[in-house]
Every structure is written in C-alpha cells, then in structure tokens.
Amino acid sequence: MNPQNNISRDDFMAFFRNNECLNTLSVDDRIEVFSTILLGSSDFKKPLLDEIFSDYGVENLELVEVG
C-alpha cells in the first residue's frame with residue numbers, strides 16, 4: 001500500500017464497526033482478515049474461541065484446553 005493511502009486507526013476501526021462497510025467485503029476478504037489480524041499464537045485462548053463459537057452459533061465443535 002502506498003503510504004499516502006494509509007488510513008488512520010480510527011478509520012480502520014470505524015470501518016469494521018459499520019455493517020454497511022463490512023458488507024462490501026467478500027467471504028475471502030473476511031477470511032483473510034480473520035486469519036491474519038491476530039499477533040500470534042498467544043492470542044488464541046480458549047475464552048476467545050469459545051466466544052467466537054458462541055457468537056456464530058457453532059454448536060458442533062467443542063474446544064478442549066490442554067496444558
């Protein structure tokens with residue numbers, strides 16, 4: 001991306017909090033954002049994944065924490 005085209009953090013967050021804007025993203029766009037936005041493995045905690053499963057009505061998966 002050209003540095004002159006950068007958006008501010010506030011603009012970025014406003015985009016993702018706006019359903020009309022989100023509806024402009026394709027399924028592939030959404031998967032790309034979801035799969036790349038977290039910093040690393042330390043972000044993947046059971047409570048976060050449980051919340052995501054709950055938010056999306058995923059009832060056929062169970063997350064088990066090991067260790």
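Only the coordinates and a few stated rules stand behind these numbers; no lab work does. Everything quoted here is computed from the prediction, not taken from an experiment.
Observations, loosely collected:
- Scalar couplings 3J(HN,Hα) for region 51-64, obtained by applying the Karplus form with A = 6.51, B = -1.76, C = 1.60 to θ = phi - 60°, are 5, 4, 4, 5, 4, 9, x, 7, 10, 9, 10, 10, 9, 10 Hz; x denotes Gly and Pro.
- Here, region 25-64 has an Rg and a Dmax of 11.5, 32 Å when only alpha carbons are counted.
- Under Stokes-Einstein, with the Kirkwood radius over Cα pairs as Rh, the value for the chain at 4 °C and 1.567 mPa s is 89 µm²/s.
- Computed lengthening from Phe53 to Asn23, 0.36 nm per intervening residue step minus Cα-Cα distance: 8.7 nm
- Distance between the C-alpha centres of region 23-41 and region 44-66: 17 Å, rounded to the whole angstrom.
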